[in-house]
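*Asks:* Structure provided below as structure tokens; questions to follow.
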Amino acid sequence: MSTRTIVHLMRHGEVENPGGVLYGRLPEFYLSELGHRMAERAADFLAKNEIVHLVASPLERAQQTAAPLSKILDAPITTDDRVIEADNLFEGRTVGAGPKAFRHPKNWWMLRNPWRPSWGEPYKEIAARMQAAVADARDAARGHEAVIVSHQLPVWIARQAYEGNSYLHDPRKRQCTLASITSLTFDGDDYAGFSYAEPAGDLLPEALKGKFVGGA
């Protein structure tokens with residue numbers, strides 16, 4: 001049996017969110033029509049891979065993004081709470097357009113510590129739960145491939161953890177667009193590197209413009 005295993009971390013597609021709510025872990029935020037198209041693109045991109053295990057966050061947008069691939073593979077979706085969106089104290093708020101919304105004095109106390117971060121779940125905790133989920137997916141797909149459908153920040157932090165990079169970053173510079181795929185390769189249990197793809201890249205210009213995306 002091959003010792004090479006790949007775990008693909010897929011971000012969900014665009015969410016219907018006309019009010020600009022930072023939805024975080026809130027229920028009943030579903031993919032937009034464009035988001036469904038993005039999910040189809042990602043599924044088609046992975047269809048020919050040797051995927052034997054499919055995992056998704058419990059949030060609706062992740063489950064919907066995993067559905068086309070589940071249909072193609074004729075495989076069930078395993079729900080894993082460990083790959084859920086990061087906890088965030090801004091959840092449920094309408095933050096408006098762009099990061100300027102966070103500069104209001106009433107929010108400063110939540111922004112006091114970028115290392116924790118003070119506005120939400122510590123990066124180290126996100127890294128730990130994501131790496132545990134990845135390890136289980138790797139074991140389930142040993143010698144083949146697995147897919148985990150998650151959210152932007154957990155995917156990005158997982159990548160930084162495996163690469164040994166600092167968690168402190170500018171959210172605008174995360175390489176993790178809608179329906180993107182960050183593929184982690186393992187030789188046995190050892191991390192061997194990653195690749196990155198944007199199967200729905202040509203659809204990104206159609207995504208909602210001028211709005212802060214209320215969760216990832």
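All of the numbers you see were taken from the coordinates with simple rules; none came from a lab. Quick caveat: nothing in here was measured; it's all calculated off a predicted structure. Quick reminder, even Gly has a Cβ in these numbers, built from the backbone with ideal geometry, and neighbours come from all protein chains shown.
*Asks:* What three numbers, in Å, describe the spread of the alpha carbons of the range 1-102 along their principal axes, ordered from the longest?
*Replies:* Sorted largest first, the three principal extents are 52, 27, 22 Å.
*Asks:* Another question, then. Pop a pseudo-label 7 angstrom from the Cα along the beta-carbon direction at both Lys48 and Glu206 and give the gap in nm to one decimal.
*Replies:* Computed distance between label sites Lys48 and Glu206 equals 2.3 nm.
*Asks:* How far is it, in nm, from the label point at Ala75 to the one at Asp139 when both lie 7 Å from their Cα along the line to the Cβ?
*Replies:* Going by the 7 Å Cα→Cβ label model, 1.8 nm.
*Asks:* Now for a separate question. Under the rule of at least 5 residues apart or a separate chain, name every residue whose amide H is placed under 5 Å from the amide H of Val15.
*Replies:* Ser32
*Asks:* Further question on the same structure: Return the distance in nm (one decimal) between the two label points of a simple spin-label model at Arg4 and Asp187, each offset 7 Å from Cα along Cα→Cβ.
*Replies:* Reported label-point gap for Arg4 and Asp187 is 1.1 nm.
*Asks:* Right, next: Which order, highest average first, do 52-62, 7-17, 127-137 follow once you tally other Cβ atoms within 10 Å for each residue and take the mean per peptide?
*Replies:* Going from most to least packed, we get 7-17, 52-62, 127-137.
*Asks:* Taking a cut-off of 16 Å between Cα atoms, list the aspartates and glutamates near Lys71, but don't count ones fewer than 8 places away on the same chain.
*Replies:* Qualifying aspartates and glutamates at Cα under 16 Å: Glu40, Asp44, Glu50.
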